[in-house]
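Worksheet for the structure shown next.
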Amino acid sequence: MAVGARDYYDALGVSRDASTDEIRTAYRRLAREYHPDVNSDPGASDRFAEISEAHDVLRDDEKRRAYDRYGENWKAASAGPGPGAAGGGGAPRGGGPQGFEGFDGGFAGFGGGGGGGSVGEGDLGDIFESLFGGGRASSRAGGRRRRGGAGADGFSVRGSDHEATIDLTLEEAFRGGSRRFQLSDGRDYDVTIPPGVRDGQRIRLAGEGGPGVGGGPSGDLMLRVRLLPHPRFRLVGNDIEVDLPVAPWEAALGETVPVPLIDGGTARVKVKGGSSSGTRLRLKGEGWPERDGRRGNLYAIVKIMVPKKLSRQERKLFQELAEVSDFDPRTQT
Amino acid sequence: MSLVILHPAPRMSVEGLARDSGLHPDTVRQLIRLGLVAPPFPDDAAAQLARAVRLRRDLGLNFAGAVLAVDLLARIDELELRLARSPSNGRYPR
């Protein structure tokens, strides 16, 4: 049933002769780091389950003795179910494919052997004190006094949300539609991308997060969209910008040239004679999808390019042009 | 926080929140009194409630501490999102 074959002492990073205090301190530190609500990485919840299971066993003298003696099989070897399992009521249902059984069992046992005690009492209280700067000397008693919410027998809560990042090219985000996505732990999904999704938006996969406890629903998996930089297109608000390379004579004399579109097509735009670099040509409605079904604009931005190498004749013509022209770009406004 | 809602939920009641969060309605009411969520409840209200209860249970916070933690985590999310969107930073945290 173990979450992993990992030794409980290793899981908490303590030595085999660690004191109860050392074990508790190690657990708290790791719990703050790997708690799935603090660390939304999908891998963190497995780690937290491991930490919780180790803590649940090592914090209890009886269980710890059994574990020290029988190792991994301590539960089967020690006679009868432990107090946690006995008081837990519906605990076995928590056993998920990721080994959350021990995780849930631990929670059921938190109230102590009494059965039906409220959740999270006792020495859990002083963790709050140490987290938020209160004194800790009398915290144990303080923790006991605190009232729990739901009783342990009826306790249930929804699982945590997990978060992962999904990288999309601009074209993929524009088009939307179905896409295969694999999590770092190997699970993969067919994700429906809403067309026009933007950087930082989240796509929710309902019920694919952490499992619920005590019959509570599972959490969701949130995929946070990250739009990859595109070699040509830039997304600016609802508009898309694209560089429009033109030759000096095309810019000077005017020419109709092709412009690539985000949907894969091509449009033709007329570059008017006398266009300099930076001139913006608007293609209405060829931009990014907006919420209301309309689209932003595409701006093709004139970028005058010159040949790296000139042929003999090109050089001659440019020289001729230089002699004839009195154009000085540095006196223009 | 922008959220793409693929399955829009109807406006929530305490009972609806209890169902979606897996919590007892009394717990939901207690968290509402502590100001964790307020009507009209946002779409992620049930997730926030459950988060507070899990934090309380696993890290030993009391409800007031858990509500504070949930608030702070939400603000961190928000700031990370803004940071990622700021033009000076094309890279994403984490």
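The numbers here are math on the coordinates, done by the rules we state, and not lab data. In this text, all values refer to a predicted model and were calculated from it rather than measured experimentally. No Cβ is skipped: glycine too gets one built from the backbone with ideal geometry, and neighbour counts run over all protein chains shown.
Net length available on complete extension from A:GLU171 to A:GLU22 is 48.3 nm, with 0.36 nm assigned per residue and the Cα-Cα distance removed.
Exposure proxy ranking for A:ILE51, B:ILE76, A:ILE262, B:ILE32, based on other Cβ atoms within 10 angstrom of each Cβ and starting from the fewest, stands as B:ILE76, B:ILE32, A:ILE262, A:ILE51. Across the options A:ILE301, A:GLY285, A:PRO329, the greatest Cα extent toward the positive end of the charge dipole of region A:282-333 (unit charges at beta carbon of Lys, Arg, Asp, Glu) belongs to A:GLY285. State the Kirkwood hydrodynamic radius of region A:261-333 in Å, one decimal place, computed from all pairs of distinct Cα atoms. 15.8 Å is the Kirkwood radius here.
Partner chain Cβ atoms within 10 Å, averaged over the residues of B:73-85 - can you pull that number for me?
Per residue, the average neighbour count from other chains is 2.
Label positions at A:ARG65 and A:HIS230, each projected 7 Å from the Cα along the C-beta direction, are separated by 6.9 nm. Taken one residue at a time, the phi angles of region A:56-68 give Karplus couplings (6.51, -1.76, 1.60, θ = phi - 60°) of 4, 7, 6, 7, 9, 3, 5, 5, 5, 4, 4, 5, 4 Hz. Gly and Pro are set to x. Taken residue by residue and averaged, Cβ atoms of other chains lying within 10 Å of the Cβ of A:195-203 number 4. Could you work out the local net charge near A:VAL271, counting Lys and Arg as +1, Asp and Glu as -1, over the other residues with Cβ closer than 12 Å to its Cβ? After counting each charged neighbour, the total is +3.
With r as the distance between the Cβ atoms of B:LEU83 and A:LEU253 and R0 = 51 Å, compute the FRET efficiency 1/(1 + (r/R0)^6) and round to 0.05. Please list the in-between numbers first.
Numbers: r = 47 Å, r/R0 = 0.92.
Efficiency computed from Cβ-Cβ geometry: 0.60.
From most to least packed by mean Cβ count within 10 Å, the peptides A:303-314, A:55-66, A:10-21 give A:55-66, A:10-21, A:303-314. The alpha carbon convex hull volume per residue for region A:202-264 rounds to 114 Å³.
Amide hydrogen proximity for A:THR165: with H placed 1.01 Å from N in the peptide plane, the residues at 5 or more positions away or on another chain lying under 5 Å are A:ARG224.
Counts of other chain beta carbons within 10 angstrom of each beta carbon in peptide A:276-288 average 0. Taking 0.36 nm per residue of separation and subtracting the Cα-Cα distance, full extension of the segment from A:ASP10 to A:PHE327 would add 106.4 nm.
Order these peptides, B:52-65, A:227-240, by their mean beta-carbon neighbour count within 10 angstrom, highest first.
In decreasing order of mean packing, B:52-65, A:227-240 become B:52-65, A:227-240.
Other residues whose C-beta falls under 15 angstrom from the C-beta of A:PRO307 contribute a net charge of +4, scoring Lys and Arg +1 and Asp and Glu -1. Note on A:ARG291 and A:THR266: the model spin-label points, each 7 Å out from Cα along the C-beta direction, lie 3.8 nm apart. Using θ = phi - 60° in the Karplus curve 6.51 cos²θ - 1.76 cosθ + 1.60, the 3J(HN,Hα) couplings for region A:249-263 round to 6, 5, 5, 6, 9, x, 6, 9, 10, x, 10, x, 10, 5, 7 Hz; x is entered for Gly and Pro.
The protection proxy used here, the mean number of other Cβ atoms lying within 10 Å of each residue, ranks peptides A:157-170, A:175-188 as follows, highest first: A:157-170, A:175-188. Overall form of region A:195-333: prolate. Here a/c, set by the Cα gyration tensor axes a ≥ b ≥ c, is 1.5 or more, and a/b is the larger of a/b and b/c. Name the shape class, rounded, prolate or oblate, that the alpha-carbon gyration tensor gives for region B:21-70, where a ≥ b ≥ c are the square roots of its eigenvalues, rounded holds for a/c under 1.5, and otherwise prolate holds if a/b is larger than b/c and oblate otherwise. Since a/c reaches 1.5 and a/b is larger than b/c, the shape of region B:21-70 is classed as prolate. Close amide H pairs (under 5 Å, H built 1.01 Å from N) link A:GLY216 with A:VAL157, residues at least 5 positions away or on another chain. Around the amide H of B:LEU23, modelled in the peptide plane, lie the amide H atoms of A:ARG158, all under 5 Å away and 5 or more residues distant in sequence or on another chain.
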